[in-house]
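The values are calculated or read from the model by the stated rules, or taken from the named source; none is laboratory data. Quick caveat, the model's predicted, so the values are computed rather than measured. With ideal geometry, Cβ positions are generated from the backbone for all residues, glycine too; neighbour counts draw on all protein chains shown.
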Amino acid sequence: MVQAMVRWVEFARWVLLLATLASYTSELYFRAVLPSYTSELQRHGLSCRLATMTQLYEMNSIDVMKARQMIGQSDAHLAEIFPGHFVHSDVVEPYLALVARAADSGVDLRLASGYRSFDRQLTIWNAKVSGQRPVCDDRGTPLDLNTLTDLDKVNAILRWSALPGASRHHWGTDVDVWDRAAVETDYCLQLVPGEYAGDGVFFRLTRWLDEMLANGESGFFRPYTVDDGGVGVEPWHLSFRPVAADFEQLMNQRVLRETLEQADILLKKTVLDNFATIYQRYVLARH
Ligand SMILES: [Zn+2]
């Protein structure tokens with residue numbers, strides 16, 4: 001009986017010793033790891049206030065480099081496809097193949113816009129809010145922002161411009177295209193629905209793309225084809241699905257919100273006060 005008790009006490013001592021050792025080791029580990037994660041994220045403009053182990057595990061699952069690419073704060077994934085135009089390095093070949101197929105049909109496919117950085121999108125946003133760039137309605141007519149509430153301004157801008165950090169152009173997977181062969185050399189490209197509609201200059205391109213994208217072979221698709229009151233229909237905007245799908249999965253409300261909290265973005269309070277609705281309507285609602 002006494003012998004059994006001694007064995008139990010011995011056993012309990014070992015358990016206690018091992019538990020102490022484990023807790024000591026894990027504390028050392030987290031003390032070492034936490035600051036490096038925190039400073040790494042802060043260096044990339046992603047704030048974090050790590051308090052619990054759960055949050056640390058969450059942070060572990062975010063690939064920091066990929067998160068930076070997602071919000072337009074890294075250019076490590078890019079390649080210069082034409083002078084001054086960048087796309088994701090995995091999109092160069094598929095896009096050039098699309099250009100070659102277009103040429104076979106007499107369409108001179110040109111890139112209006114490929115990759116756009118967070119800072120570039122922020123400049124566009126702030127220029128629109130401050131009236132330095134026009135904010136247009138669905139027919140391409142400039143709106144008078146002075147007659148709108150702050151929330152109406154935000155919605156009017158988001159109809160045709162993404163929030164900085166939430167543009168698919170950050171990923172390098174998305175391009176805005178036009179047909180050089182359809183217009184005169186001095187044509188001023190507007191990227192408005194009328195240009196791509198039945199009586200527009202780029203209708204031939206619209207029809208060619210309809211056919212080309214239908215079978216999915218090229219890998220490209222149009223993410224903005226249905227008007228559900230969020231982002232307007234953009235027949236000129238193509239996305240390379242095999243690479244874009246990764247970024248779509250990674251898109252993270254918390255990372256985007258924290259990025260905007262730290263940015264010098266005009267109408268910040270209105271954006272943050274309505275963030276959940278904006279995220280649902282303009283960021284998640286993709287087709
Ligand atoms: Zn676009």
Long-range neighbours under 9 Å by Cβ, at least six apart or interchain, first residue within 14 Å of F118 (Cβ to Cβ) within the stretch 249-269, second of a type in the set (K, R) and assigned to a helix (DSSP H, G or I): L260/K268; E261/K268
Members of the stretch 109-147 found to be exposed (fewer than 15 other Cβ atoms within 10 Å of the Cβ) and of a type outside the set (S, T, Y), listed by number: A112, D119, G131, Q132, P134, D137, D138, R139, G140, P142, D144, N146
Any hit, the stretch 206-216, residues being touching a residue at least 60 places away in the same chain (Cβ under 8 Å) and within 16 Å of the ligand (Cβ to nearest atom): no
Number of positions in the stretch 160-178 that are surrounded by fewer than 22 Cβ atoms within 10 Å (Cβ to Cβ), more than 9 Å from the ligand (Cβ to nearest atom) and farther than 18 Å from F202 by Cβ: 1
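Quick check on my filter: what residues within the stretch 206-220 are closer than 17 Å to D174 by Cβ and buried (at least 16 other Cβ atoms within 10 Å of the Cβ)? Explain how you work it out, then say what you get.
First, pick out the residues of the stretch 206-220 that are closer than 17 Å to D174 by Cβ: 209, 212-213, 216, 218-220.
Matches in the stretch 206-220: L209, M212, L213, S218, G219, F220.
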S117 closer than 19 Å to M70 by Cα and of a type outside the set (K, R): yes
Selected residue (only one of V177, V129 is of a type outside the set (S, T, Y), more than 18 Å from the chain's Cα centre (by Cα) and under 24 Å from L260 (Cβ atoms)): V129
Residues that are away from the ligand (no atom under 15 Å from the Cβ) and among the aliphatic types (A, V, I, L, M), drawn from the stretch 122-159: L122, A127, V129, V135, L143, L145, L148, L151, V154, A156
Residue that is within 13 Å of the ligand (Cβ to nearest atom) and farther than 21 Å from D137 by Cβ, where the choices are F220, F247: F220
Filter result (under 26 Å from the mean Cα position of the chain (by Cα) and either modelled with pLDDT of 95 or more or away from the ligand (no atom under 12 Å from the Cβ) (or both)) within the stretch 180-193: L189, Q190, V192, P193
